[in-house]
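Notes follow the structure.
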Amino acid sequence: MTTMVVVASKHGSTAEIGEHIASTLQNRGVSAHVKDVSEASAWLYETNNVVLGIPVYQQKLWGPGKLFLEANQTELSGKPLFLFAVGGGPSLAPELAEELRSHPHREVTYFRGAIDAEKLSFLEKLMLKVAKAPENADFRDWPGIEDWSQSLLAYGLS
Ligand SMILES: Cc1cc2nc3c(=O)[nH]c(=O)nc-3n(C[C@H](O)[C@H](O)[C@H](O)COP(=O)(O)O)c2cc1C
């Protein structure tokens with residue numbers, strides 16, 4: 001029995017949340033591994049449970065994460081799927097939560113992420129400026145992320 005934590009992460013903060021989820025599960029005896037979304041499809045056939053993290057960019061779920069869900073619909077429908085979105089805002093827009101819930105899932109949740117100016121392109125900095133959003137911030141709630149990870153054990157992950 002294995003659990004794959006798939007991270008669609010443009011600038012790394014979703015990946016770090018995924019690493020934290022995997023290590024929390026590992027500490028509770030779950031065989032959990034993190035894979036970037038670009039290589040995760042190849043591992044699906046030997047994975048029992050899938051946790052997937054997708055960040056929000058420009059009011060949309062980031063494309064590579066959406067593509068993973070769409071391209072692997074058949075394979076994913078046979079496995080427990082746990083979804084988390086990551087964004088800078090205080091909550092996930094209802095239409096994006098709805099979009100995630102349209103996929104067969106056991107859990108959908110939202111975590112606040114982080115922004116690191118050093119990783120942003122000129123255009124991204126400009127977009128943040130227009131939106132009056134900060135270029136540097138870390139809103140990640142590690143205890144909350146850990147609680148959610150542990151709550152997944154109730155689904156019998158091992
Ligand atoms: C150009 C840009 C646009 C963003 N747009 C949104 C947005 O529309 N809504 C939101 O909640 N967060 C937005 N964010 C914040 C990201 O979702 C947040 O930084 C997230 O942690 C990024 O994940 P990543 O580091 O894994 O790529 C934006 C960030 C950038 C740099």
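The values are calculated or read from the model by the stated rules, or taken from the named source; none is laboratory data. Not measured: the values here are computed from a predicted model. Cβ placement follows ideal geometry from the backbone for every residue including glycine, while neighbour counts extend to all protein chains displayed.
From the list LEU128, LEU100, LEU96, LEU123, the one residue that fits, being closer than 24 Å to ASN48 by Cα and not in a strand (DSSP E or B), is LEU100.
Filtering region 42-62 to residues that are assigned to a strand (DSSP E or B) and touching a strand residue (DSSP E or B) at 6+ places or on another chain (Cβ under 9 Å) leaves ASN49, VAL50, VAL51, LEU52, GLY53, ILE54, PRO55, VAL56, TYR57, LEU61. Can you find a residue in region 40-54 that is near the ligand (Cβ under 10 Å from one of its atoms) and either within 23 Å of ILE115 (Cβ to Cβ) or not basic (Lys, Arg) (or both)? Yes; the residues of region 40-54 include at least one that is near the ligand (Cβ under 10 Å from one of its atoms) and either within 23 Å of ILE115 (Cβ to Cβ) or not basic (Lys, Arg) (or both). Counting residues in region 143-157 that are farther than 17 Å from LEU25 by Cα and crowded, with 16+ Cβ neighbours inside 10 Å gives zero.
Applying the condition of being modelled with pLDDT of 95 or more and among the small types (Gly, Ala, Ser) to region 55-88 and asking which residue is farthest from the ligand (Cβ to nearest atom) yields ALA71. The residues of region 125-135 that are within 23 Å of GLU16 (Cα to Cα) and either of a type in the set (Gly, Ala, Ser) or within 20 Å of the chain's Cα centre (by Cα) (or both) amount to a single one, ALA133.
Give the residues of region 1-15 that are more than 8 Å from the ligand (Cβ to nearest atom), of a type outside the set (A, V, I, L, M) and buried (at least 16 other Cβ atoms within 10 Å of the Cβ), sorted by residue number. Residue satisfying the conditions is THR3 alone. Only one of the numbered conditions (1) outside any helix (DSSP H, G or I); (2) within 16 Å of the ligand (Cβ to nearest atom); (3) under 21 Å from LEU157 (Cβ atoms); (4) touching a residue at least 40 places away in the same chain (Cβ under 8 Å) is violated by TYR110, and that is (4).
When PHE122, PHE111, PHE82 are screened for being more than 12 Å from the chain's Cα centre (by Cα) and aromatic (Phe, Trp, Tyr), only PHE122 passes.
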